[in-house]
Amino acid sequence: MSGFTPGPWEAKCFLVVAPNSRGPMSDVYGGRSIAHCGKGFGESTECEANAQAISAMPDLLEACQRLVSQAEDAGWHPELLESARDAIAKALGT
């Protein structure tokens, strides 16, 4: 898996965009389109909530990576960090 579009990402109604990245239709969307959570995929408020959650992914990934690194350095029990490592691997496709 290749790397994902770098953050930050922003939720714009039903769309998630990377405002600092160029791509097809970036002038229309205000940045590279990351995900479309529009109508046909659920209720309006649900679609907006999905876009908001997706837009947080780069920040959450970075926070998890930093937390795991610091916790390992502090000697935390490895089994306590297993779910964080699994989530990081899932986000990175590894």
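The values are calculated or read from the model by the stated rules, or taken from the named source; none is laboratory data. Just so you know, these numbers come straight off a predicted model, no measurement behind them. Here the Cβ is made from the backbone with ideal geometry for all residues, glycine too, and neighbour counts use every protein chain on show.
Observations on the structure shown:
- Among the residues of the range 1-33, the ones that are among the β-branched types (Val, Ile, Thr) and modelled with pLDDT under 80 come to 1 in all.
- Selection from the range 1-13 of residues that are surrounded by fewer than 17 Cβ atoms within 10 Å (Cβ to Cβ) and assigned to a loop (DSSP other than H, G, I, E, B): MET1, SER2, GLY3, PHE4, THR5, PRO6, PRO8, CYS13
- Residue match in the range 65-87 (condition: exposed (fewer than 14 other Cβ atoms within 10 Å of the Cβ), among the basic types (Lys, Arg) and at pLDDT below 80): no
- Enumeration of residues in the range 43-65 that are assigned to a helix (DSSP H, G or I) and not hydrophobic (A, V, I, L, M, F, W, C): SER44, THR45, GLU46, GLU48, ASN50, GLN52, SER55, PRO58, ASP59, GLU62, GLN65
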